[in-house]
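The values are calculated or read from the model by the stated rules, or taken from the named source; none is laboratory data. Predicted, not measured: the structure shown is a model, and the values here were computed from it. When we count neighbours, we look across all protein chains shown, and the Cβ atoms used for this are built from the backbone with ideal geometry, even at glycine.
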Amino acid sequence: MITRGHLQPNIKSKIIEHGYINVYSELTKEEKRQLYYNREYKKLSPLWDNSLILMSNYFEKTRNLLGKRKIRVLDAGCGNGNYVIDERRSKIAFAAGVDIDQSATRNNVCLDEIKFSNLEKISYPDNSFDIVLSLWVIEHLSNPEKVFREIKRVLKPGGFLLFCTSNKNYLPVRLKRYIGDQKLREWLISKLYGRKVQDIFDTPYLANDVSNLQTILTDTGYDEIDLHLNYDPGYTSFNSLSFSISNLLNQYFPHLFKPHLIGRGRKKPRK
């Protein structure tokens, strides 16, 4: 159900630290640790890119494919911000966001407008956006098919859904399922990654592997589907030893050590 929306009078996104992965907001010590090990891994593997960098580049390639200088973008599950929109703001004519939780958007300064509703009923008209972005949202969906259909509705014909989500086959995610106590899981996440309890949401992972997403996107009417997994050492690197072990595990067991699933699907254009 829609509660309300608001226009943002002053878009304030600005880079506060330049580098591989620009920083747009104050980071916790855990986020700084993850950023450090991503930058270190980039030095070791120059052909690799962090998932946010891949998403930003993906966005620009998709915008060029659409053949438009500036586009209309929706951030589905916008939360406190979107790195891709921050990076590509000059190429966006209008950036909107939708989130079910108003408090989760309290630090979001990158959008022109935010509306509050469930993603199963997005409060925008049909054919409103060239691109819908969604970062780390799909893992939380209780009805992914319905959400993908709703996103397709608000996309313009020929528009694209771009997303990054958790890979449910990532080994730490698999291990987390064996921790039955919710409070223990929340405590571990808060200690390891600096997440506040109110920022930890249920993750049923109903669509979160390549096979499931391919099926769901096809069944809900998307084409030009592209899905791939990506490594991120930041989740399991807490010192130089764990960094080295993480990289070795990714090298020898890549199917178990890639935490992110990046994808794209197109709403079919009018004939």
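Side notes on the structure shown:
- Just one of (1) farther than 20 Å from residue 157 by Cβ; (2) among the charged types (D, E, K, R); (3) at pLDDT 95 or above fails for residue 33. It is (3).
- The range 46-165 holds helices (runs of 4 or more DSSP H) entirely within its bounds, and those carrying 1 or more residues that are among the basic types (Lys, Arg) map to 51-66, 144-154.
- The selection criterion, being free of Cβ contacts under 8 Å to residues at least 24 places away in the same chain, of a type outside the set (Asp, Glu), surrounded by fewer than 16 Cβ atoms within 10 Å (Cβ to Cβ) and not in a helix (DSSP H, G or I), does not hold for residue 43.
- From the list 85, 122, the one residue that fits, being over 28 Å from residue 242 (Cα atoms) and in contact (Cβ under 8 Å) with a residue 60 or more places away in the chain, is 85.
- Test: residue in the range 205-223 that is within 14 Å of residue 136 (Cβ to Cβ) and modelled with pLDDT under 95: yes
- Residue 271 fulfils the conditions (1) free of Cβ contacts under 8 Å to residues at least 24 places away in the same chain; (2) charged (D, E, K, R); (3) touching a strand residue (DSSP E or B) at 6+ places or on another chain (Cβ under 7 Å) except for a single criterion, (3).
- Total residues in the range 239-266, condition hydrophobic (A, V, I, L, M, F, W, C), under 23 Å from the mean Cα position of the chain (by Cα) and surrounded by fewer than 18 Cβ atoms within 10 Å (Cβ to Cβ): 1
So that you can scan it fast, the table gives a plain yes or no per residue for (1) farther than 23 Å from residue 81 by Cα; (2) within 17 Å of the chain's Cα centre (by Cα); (3) at pLDDT 95 or above:
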position: 120; (1), (2), (3): no, no, yes
position: 127; (1), (2), (3): yes, no, yes
position: 135; (1), (2), (3): no, yes, yes
position: 138; (1), (2), (3): no, yes, yes
position: 151; (1), (2), (3): no, yes, yes
position: 175; (1), (2), (3): yes, no, no
